[in-house]
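Here's the structure we're looking at; comments come further down.
The values are calculated or read from the model by the stated rules, or taken from the named source; none is laboratory data. Because the structure is predicted, anything quoted here is derived from the model rather than measured. Note that we place each Cβ from the backbone using ideal geometry, even for glycine, and neighbour counts take in every protein chain shown. For accessibility, only protein heavy atoms count, side chains too; no ligands or nucleic acids. Shrake-Rupley method; radii C 1.70, N 1.55, O 1.52, S 1.80 Å.
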Amino acid sequence: NFFNMINNIKGINLNHSFIFFLFCNIISLITFKAKNFSISPLICLFLILVIGVSHGSLDHIKGKRLLKIFDIKNVFIFYVSYILLTIFIIIAWVLLPAISLLLFLIVASYHFGKEDTQFLTTNHNSINSLLYFFKGSLIILAPMFFHFDETVTIYKFLLVEDETFYTILDYIETNKILLIGIVLSTLSSVLLFIKEFEIKKFVIFLDYFSIIILNYYLSPLVAFTLYFCFLHSLRHSISLIIEIDNLDFNNGLIKFLKKALPLTILTAILCVISLFFLNNIYDLNSSILKVIFIGLASLTFPHILLEYLLEKYEK
């Protein structure tokens, strides 16, 4: 059953990657023909709250599994720990924005590379972890490579005012270090592709070119939103659906939606409230960027920690 489930995930994800690749080409064609085509930050926020956040909305169920491993019966402990870590990340970002952003970009690179690829390999070692990091770094490097000034503007909206930080970024951009990073990401994709080769691993290259296309034609925020919602989040959600019911995808989907709805709605409400208060201090677009990226960072760290602990102790 386990190997059937893995093969099922690989097949569905290959179809998903191919559809997403076609979607990216259609979007690029529209952008090429309509020079002023864009998606507003408000729509980006809506998509992330509805589709993007939902892929982590079963963390409370995973938390109960973790508590069971440690023989802790009080589920309240998980909720308090998760919320406190989220609040800690937000406070750390306000106090040390440059360091927090840098850590977030590093952790996000590994997270994106791992979750978008690990279903293709059975060998989870330190070498693969390094390849995951370089592969996922494309999500961070591509917007800076194609739209450097626009990406820097986003960083400034995220409370990062340290001039040393931007001096380093200018040095990286001027000395072609971004290009070197993208080459390393490309090589990591190639290595992951040829290791334990099978035809379904074409997922890796479909995803690679999709990310390049999105970031070449679209603004950093829109490119990230489309990737995060329609590739990364959907892929993780697909694995959760199959995990719930690996025999009947439709039944698994219905159960997933029911389980994911409460935390998705709660997160959306908290984000809207945050946006309301931030909009009294900053302009709307700046407030939206803060909610999206600082909010995602505060959710990403506990989400990754939970995944790591489960992966370590459920073995």
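Given the criteria open to solvent by 70 Å² or more (accessible area, probe 1.4 Å), part of a helix (DSSP H, G or I) and of a type in the set (Val, Ile, Thr), does ILE292 qualify? The answer is no for ILE292.
Scoring PHE230 on the criteria (1) closer than 17 Å to ILE6 by Cα; (2) crowded, with 18+ Cβ neighbours inside 10 Å; (3) among the aromatic types (Phe, Trp, Tyr) leaves a single failure, condition (1). List pairs: first in region 55-71 and closer than 15 Å to GLU243 by Cα, second in a loop (DSSP other than H, G, I, E, B) and open to solvent by 50 Å² or more (accessible area, probe 1.4 Å), Cβ under 9 Å, 6+ apart or cross-chain? That search, which allows pairs on different chains as well, returns ARG65/GLU314.
Assess whether ASN285 counts as being surrounded by fewer than 18 Cβ atoms within 10 Å (Cβ to Cβ), in a loop (DSSP other than H, G, I, E, B) and touching a residue at least 24 places away in the same chain (Cβ under 8 Å). No; evaluated as a whole, the condition is false for this residue. Note on region 97-209: enclosed helices (runs of 4 or more DSSP H) holding 1 or more residues that are of a type in the set (D, E, K, R) and closer than 26 Å to GLU307 by Cα are 97-115, 126-146. Looking across region 245-258 at every residue that is open to solvent by 20 Å² or more (accessible area, probe 1.4 Å) and at pLDDT 90 or above, the one that is farthest from ILE61 (Cα to Cα) is identified as ASN250. Looking only at region 96-154, filter to residues that are within 15 Å of the chain's Cα centre (by Cα), farther than 19 Å from LEU179 by Cα and of a type in the set (Val, Ile, Thr); which one of those is least open to solvent (accessible area, probe 1.4 Å)? Out of the qualifying residues, it is THR117. Taking residues in region 224-242 that are in contact (Cβ under 8 Å) with a residue 40 or more places away in the chain and in a helix (DSSP H, G or I), and partners anywhere that are hydroxyl-bearing (Ser, Thr, Tyr) and buried (at least 21 other Cβ atoms within 10 Å of the Cβ), the pairs with Cβ atoms closer than 7 Å and at least 6 places apart or on different chains are LEU231/SER210; SER233/SER54; SER237/SER54. Residue selection: VAL80 satisfies the criterion of being at pLDDT below 95, surrounded by fewer than 13 Cβ atoms within 10 Å (Cβ to Cβ) and within 30 Å of LYS255 (Cα to Cα).
Residues in region 30-38: is at least one surrounded by 19 or more Cβ atoms within 10 Å (Cβ to Cβ), more than 18 Å from the chain's Cα centre (by Cα), hydrophobic (A, V, I, L, M, F, W, C) and modelled with pLDDT of 90 or more? Looking through region 30-38, none of the residues is surrounded by 19 or more Cβ atoms within 10 Å (Cβ to Cβ), more than 18 Å from the chain's Cα centre (by Cα), hydrophobic (A, V, I, L, M, F, W, C) and modelled with pLDDT of 90 or more.
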